[in-house]
Amino acid sequence: MTLSNYLPHIHATGNELVVCTSNVAAVPEIVLKRAQSFVLNTSYYLANRREVRQIDWTEMGLTVSRQLEDAPHEARFLNDLGLVYAHLGDNARGLDYFEQALPLQRAVGDRSGQAATLSNIGAVYTHLGDNARALDCFEQALPLQRVVGDRSGQAAILSNIGSVYSALGDKARGLDYFEQALPLCRAVGNRSDEAAILSNIGSVYADLGDKARGTGLLRASAAPVPRCGQPQQRGHHPHENRGGLRTLGGQRARTGLF
């Protein structure tokens, strides 16, 4: 039986919980926790299917987490809402949610969450063309990713820093960051991000005048990526930036999207 067979039940449950928790102060704790668990358990589904109710469900998760005084999950849902609105093109609103999440993550010592949110903020600033602020966010996120040992996250941030430096005209420095990112992607078997980084390296070599090397890398990056098993929830989705480089997207705290 596929997920689609369960969609009517999932939607009915989510919609019922949204109604039940609309007056959150009057809702028993057991119902609040059930609503919170529902959103957490369906987060991957929400991230990968653009369903009508997804914002309502995530907002419900945020509301009930605040009522439960659950700061880690409050930060999680703030970050998730930032991702939703950033995907919808409302960068200002997405940024507002990310910036609400960050101090909560710092307060509870969630370094992985901080790195994810800083990366998301950096990705928004990159999209807005504010390279200086994007670079500041990525450079704050990188040591956090190293501390928690997230090599995939490190690779994404190194590549994003490389993209910023390249957009600023410092191709050599950008290339250095891309070449630091590439072995990390290969070590974790992240073929999609590996292709994005190869494309970035190829673009830089082409810009530096080494057309043959650049073309070879661009062709290698365009090779089909084999699909092996389930996609990772902490995956990174590439976006185009103004310089033709591919920026590796930020991450959902602990589950990732962007």
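The values are calculated or read from the model by the stated rules, or taken from the named source; none is laboratory data. The structure displayed is predicted, hence computed values, not measured ones. FYI the Cβ positions are ideal-geometry reconstructions off the backbone, even for glycines, and counts take in every protein chain you see.
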Looking at segment 211-221, is at least one residue touching a strand residue (DSSP E or B) at 6+ places or on another chain (Cβ under 6 Å) and assigned to a helix (DSSP H, G or I)?
no
With respect to the numbered conditions (1) modelled with pLDDT of 90 or more; (2) more than 20 Å from L68 (Cα to Cα); (3) surrounded by fewer than 16 Cβ atoms within 10 Å (Cβ to Cβ); (4) not hydrophobic (A, V, I, L, M, F, W, C), which one is the sole condition not fulfilled by T2?
(1)
Can you work out which of the residues in segment 143-182 that are buried (at least 20 other Cβ atoms within 10 Å of the Cβ) and closer than 22 Å to P103 by Cα is farthest from the chain's Cα centre (by Cα)?
L144
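For (1) in contact (Cβ under 8 Å) with a residue 60 or more places away in the chain; (2) more than 25 Å from T117 (Cα to Cα); (3) in contact with a Ser or Thr (Cβ under 9 Å, 6 or more places away or on another chain), each residue gets a yes or a no:
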| site | (1), (2), (3) |
| --- | --- |
| A156 | yes, no, yes |
| A172 | no, yes, no |
| A195 | no, no, yes |
| A206 | no, yes, yes |
| T215 | no, yes, no |
Please pick out the residue among S112, S119 that is in contact (Cβ under 8 Å) with a residue 12 or more places away in the chain, crowded, with 21+ Cβ neighbours inside 10 Å, hydroxyl-bearing (S, T, Y) and on the phi < 0 side of the Ramachandran plot.
S119
Y177 vs. criteria in contact with a Cys (Cβ under 7 Å, 6 or more places away or on another chain) and either of a type in the set (V, I, T) or within 21 Å of N200 (Cα to Cα) (or both)
no
I'd like the full set of residues that are under 17 Å from S159 (Cβ atoms), outside any helix (DSSP H, G or I) and either out of contact with any helix residue (DSSP H, G or I) (no Cβ under 6 Å at 6 or more places or on another chain) or not polar (S, T, N, Q) (or both), limited to segment 173-210.
G189
Those residues of segment 25-39 which are of a type in the set (A, V, I, L, M, F, W, C), assigned to a helix (DSSP H, G or I) and more than 29 Å from the chain's Cα centre (by Cα) amount to A25, A26, I30, V31
Filtering segment 75-107 down to residues that are assigned to a helix (DSSP H, G or I), of a type in the set (A, V, I, L, M) and either at pLDDT below 95 or exposed (fewer than 15 other Cβ atoms within 10 Å of the Cβ) (or both) yields L81, L83, V84, A86, A92, A107
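Name the residue, out of L88, L62, that is under 26 Å from L135 (Cα atoms) and without any contact (Cβ under 8 Å) to a residue 24 or more places away in the chain.
After applying the criteria, what remains is L88.
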Report, by residue number, each residue of segment 94-135 that is over 27 Å from L168 (Cβ atoms) and charged (D, E, K, R).
R106, D110, R111
Quickly run through segment 4-24 and pick out the residues that are part of a helix (DSSP H, G or I) and in contact (Cβ under 8 Å) with a residue 12 or more places away in the chain.
I10, H11, T13, G14, N15, L17, V18, C20, V24
Look through segment 196-213, keep the residues that are of a type in the set (G, A, S) and crowded, with 19+ Cβ neighbours inside 10 Å, and return whichever of them is nearest to the chain's Cα centre (by Cα).
A196
